[in-house]
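Written below as structure tokens is the structure these notes are about.
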Amino acid sequence: MTATTKISRPNDLSAFWMPFTANRQFKQTPRMLVSADGMYYKTDDNREILDGTAGLWCCNAGHKRPKIVEAVKAQMDELDYAPAFQMGHPKAFELASRLAQLMPGNLNHVFYTNSGSESVETALKIALAYHRARGDGQRTRLIGRERGYHGVNFGGISVGGISGNRKTFGQMLGGVDHMRHTYLPEENGVTRGMPEHGAFLADDLERICALHDPSTIAAVIVEPVAGSTGVLIPPKGYLERLREICTKHGILLIFDEVITGFGRLGAPFAVDYFGVQPDLVTTAKGLTNGTIPMGAVFATDEIHDAFMTGPENMIELFHGYTYSGNPVACAAGLATLETYEEEGLYEKGKELGQYWEDAVHSLIDLPRVKDIRNLGLIGAIELEGIEGFPTKRAFSAFLKAFEKGILIRTTGDIIALSPPLIIEKSHIDQLFGTLRDVLKEID
Ligand SMILES: Cc1ncc(COP(=O)(O)O)c(CNc2cccc(C(=O)O)c2)c1O
């Protein structure tokens, strides 16, 4: 393909209804990625694009990683599909054991799903069923947080707190309340790492308990670091306070680690990074390095064992998916964990964290940069919006960035960055050097 080749297929593009996309804008000027290797994508007109977002926060080991490629190919040749209902295959158990060993504390049981959204639904259902199994079936209320993102299924958008993801779909799950989000720009603006102020916001949970009585509340779900809403970093002491209140009232604490899981913060999980032990953890994305759709919910011994009662021929939990524990996904997961471990990728967020932080905050002098936030290998640059045209400025930055050879994410008027953990200082320089040019050029 020559450098000038461009494939535009107005007819070919019509059938695919693209997710979370301005379809008409895309199909007028398609942005096609046709290959990837390491830190870079390649476009259909032969341009290299630096991946500043690890795909969608998921390709933590970068692209075309040999161990993963080989494992998937070999698995397809051996056992492509096997049911996990009443049947098993070895890799599903091997991966679950590896995951349980990796996760701190007593989160020793893994329920497979196919996405983060399904992991969230699974965790919410397990939470409700757990209380019922213990004779506490009146605990049906679920607590989320403003600006929370927990996927797009009805449970996830009900506990989620992003109005754009909710307003279109009518009635949500009943019995859901929300705590306030943790963003306090006046106190914490342009913070490096974790904000000093805001732990008190966890006391919203006490107020919700006072309103409904703790005996009606099943679980609280939070992203340890809120990603999709534009990167909100938990204030110091906030997660610890949530844990205390949940423990006090017998409420399950769910960490939604679909983004923070598998090295994003410079530790295998946010559980390690913050040293706070939840009762359930949802994961996906980095679990298979974004290659094969897969999610996993971690549950404590106590939760798991609460179901293991009654006649042994009876199904203990009436929940699961056709592809739960899919053999090819398990093979990808095992190879992914090996890659993370062999290359020390869990620690990269710590090793490069300061260099990354300095690079993110180097943009603070630019016009229209309103706030900057970072933790581990996550960064967010919040822009002043254009009056009457929310998201427009960030979207134009996204388009200009793609033109200049870098891939960024935007949500609202916030630029979110979450590169593969294989990133090196030279890539960080390229990413932020280009982003500086972009922000200077856009209106
Ligand atoms: C915390 C969290 N929980 C659940 C999901 C849903 O996962 P699935 O998409 O696999 O169903 C997510 C996904 N998060 C996500 C997905 C796609 C884009 C972006 C973005 O911030 O641009 C974020 C997430 O970040």
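The values are calculated or read from the model by the stated rules, or taken from the named source; none is laboratory data. From a predicted model like this one, the values you see are computed outputs, not experimental measurements. Using ideal geometry, Cβ is built from the backbone for each residue, glycine included, and neighbour counts are taken over all protein chains shown. Surface accessibility is based on the protein's heavy atoms, side chains included, excluding ligands, DNA and RNA. Shrake-Rupley method; radii C 1.70, N 1.55, O 1.52, S 1.80 Å.
Some points to look at:
- Averaged per residue, the chain has 44 square angstrom of accessible surface, using a 1.4 angstrom probe with ligands and nucleic acids left out.
- Projected-area mean, region 44-91, by convex hull of Cα positions, square nanometres: 5.6
- Spatially proximal aspartates and glutamates relative to residue 440 (Cα-Cα < 12 Å; intrachain offsets below 8 disregarded): 365
- Take the Cα radius of gyration of the chain and divide it by 2.2 N^0.38 Å, N being the number of residues; the result is 0.98.
- Carbon plus sulfur fraction of accessible area for region 69-343, probe 1.4 Å, in percent: 54
- Region 15-48 residues near the modelled residue 443 label - backbone nitrogen below 20 Å, point 7 Å along Cα→Cβ: 25-26, 29
- Peptides ranked, highest mean first, by Cβ atoms within 10 Å: ranges 326-332, 157-163: 326-332, 157-163
- Excluding same-chain neighbours fewer than eight residues apart, the lysines reachable from residue 125 by a Cα-Cα span under 25 Å are 167, 248, 285.
- Surface accessible to a 1.4 Å probe, residue 315 within the full protein complex, Å²: 80
- When both region 322-367 and region 50-87 are represented by their alpha-carbon centers, they are found 15 Å apart.
- A Gaussian network model of the chain, with springs between Cα atoms under 10 Å, assigns the largest mean-square fluctuation among 374, 313, 108 to 313.
- The figure for residue 427 is an accessible area of roughly 30 square angstrom, using a 1.4 Å probe on the protein chains alone.
- Nearby lysines by direct alpha-carbon distance to residue 350 (threshold 16 angstrom, same-chain neighbours under 8 apart not counted): 425
- Gap separating the Cα centres of region 119-181 and region 267-314, nearest whole Å: 17
- Rolling a 1.4 Å probe over the protein heavy atoms leaves residue 76 with an accessible area of roughly 110 Å².
- Cross-link pairs exceeding 32 Å in C-alpha to C-alpha distance, out of 64/236; 91/236; 348/400, comprise 64/236; 91/236.
- Listed residues 305, 51, 177 arranged by accessible area, highest first, probe 1.4 Å: 305, 177, 51
- Region 47-117: trypsin sites (Lys or Arg not before Pro) in DSSP loop, at most 15 other beta carbons within 10 Å: 47, 64
- For the pair residue 79 and residue 64, label points projected 7 Å from Cα toward Cβ lie 3.1 nm apart.
- Between residue 313 and residue 163, the contour length at 0.36 nm per residue exceeds the alpha carbon distance by 49.6 nm.
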